[in-house]
Amino acid sequence: MIDASFLYMENEFDLHHNAWLGIFAGPAPTGAAFRGHIASKLPRIPRYRQRVRFVPHDLAAPVWVDDQHFNLNYHVRAIALPAPGSEEQLKELFTTLMAEPLDRNKPLWDMWLVDGLEGGRWALISRLHHCMADGVSTTDITTTVLDREPQAATVDVVDDWKPEPPPTDAELVQAALIESQQSDVEQVSRYDTWVNSLKAQMVEVDKAFASLKSSFANPLSITSLNGPIGPYRRWAWAKASLADIASVRACLGGTVNDIVLATVTGAFRELLLSRGEAVADRTIRCLVPVSVRSIGEMGGNRIASMYAELPVGIADPRERLASIRTQMDGLKASKQALAADVLASLAGFQPPA
């Protein structure tokens, strides 16, 4: 149900796809060669040839069905930037793609090979709907698609994939009704298991819910960052090396994530100040996703959340990091992500409609 929620929550302005961009040195592969490379990886990513099918009247969660008309050429595109092929042009292209929804009548992903980037480079843009994967799963898929070495050994893959016949609406309804009848006992069993698990860790759960409640007890700081969003996107990047972050960590302590959050806090502070908004004694509430994925578990969404108050009112970077570090240590100790995961797990006991 968590996977399905990313479909249900999506609207024309609030799009729910993940994306990444990689910039590569050297000449770009041809479109045909690149499509051939992706084709060789498809047997390892079966979801890439499936599309979402909604059950009539939402009697059950949406299902994945094979795309009867799967065409790799639709999902893997090769384009070129006009001269001079600047990074600003690449940003504009990425911005345009991020504002476009993925076609729900087809598998919910695409990749764009972008040639002509200045400095003899090329880029790769990949979009993937959040209902298919969270950030960790997206990384797993990325490492499947990309080779570790420039001249990786070619592996012959036997791909005898043929799409399974699609179910009819009547079959989907029938399956939903049968599943509903059969799952009553199973649901009770699952519920008992879930309740017993909660009882075993009730003290921790109580602390977690208290922490989650306290996060929302304080009124939300109203700034230009709050409010409804429109259809347009603007995307930019900032560069930092992991070695620099490690140096900051060695000097000031904290985790890599603490330093990233402190950096984001500083960026929010500069943005608000540039807009003439007051930042003194202000915080920005931020959702921090937490992976609850088991080792070796792939695909889908296995995420919970913590809610941090980013201290944009603190001008000194050292003090800002110290504040973030103290807060995140407290949130981890309170197991706030556990409460969010418990709430998310309740979705499994709800009728899909």
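Structure above, values below:
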read-out	value
Positions within the range 1-43 being among the charged types (D, E, K, R) and either part of a helix (DSSP H, G or I) or touching a Cys at 6+ places or on another chain (Cβ under 7 Å) (or both), in sequence order	ASP3, ARG35, LYS41
Which numbered condition ARG249 misses (of (1) of a type in the set (Lys, Arg); (2) surrounded by 10 or more Cβ atoms within 10 Å (Cβ to Cβ); (3) at pLDDT below 90)	(3)
Residues satisfying the stated conditions in the range 224-244, i.e. more than 23 Å from the chain's Cα centre (by Cα) and either under 16 Å from ARG320 (Cβ atoms) or open to solvent by less than 90 Å² (accessible area, probe 1.4 Å) (or both)	SER224, ALA243
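The values are calculated or read from the model by the stated rules, or taken from the named source; none is laboratory data. As the structure is a computational prediction, the values presented were derived from the model and not from experiment. In this analysis, Cβ positions are derived from the backbone assuming ideal geometry, glycine residues included, and neighbour counts consider all displayed protein chains. Side chains included, ligands, DNA and RNA excluded: accessible areas come from the protein's heavy atoms. Shrake-Rupley method; radii C 1.70, N 1.55, O 1.52, S 1.80 Å.
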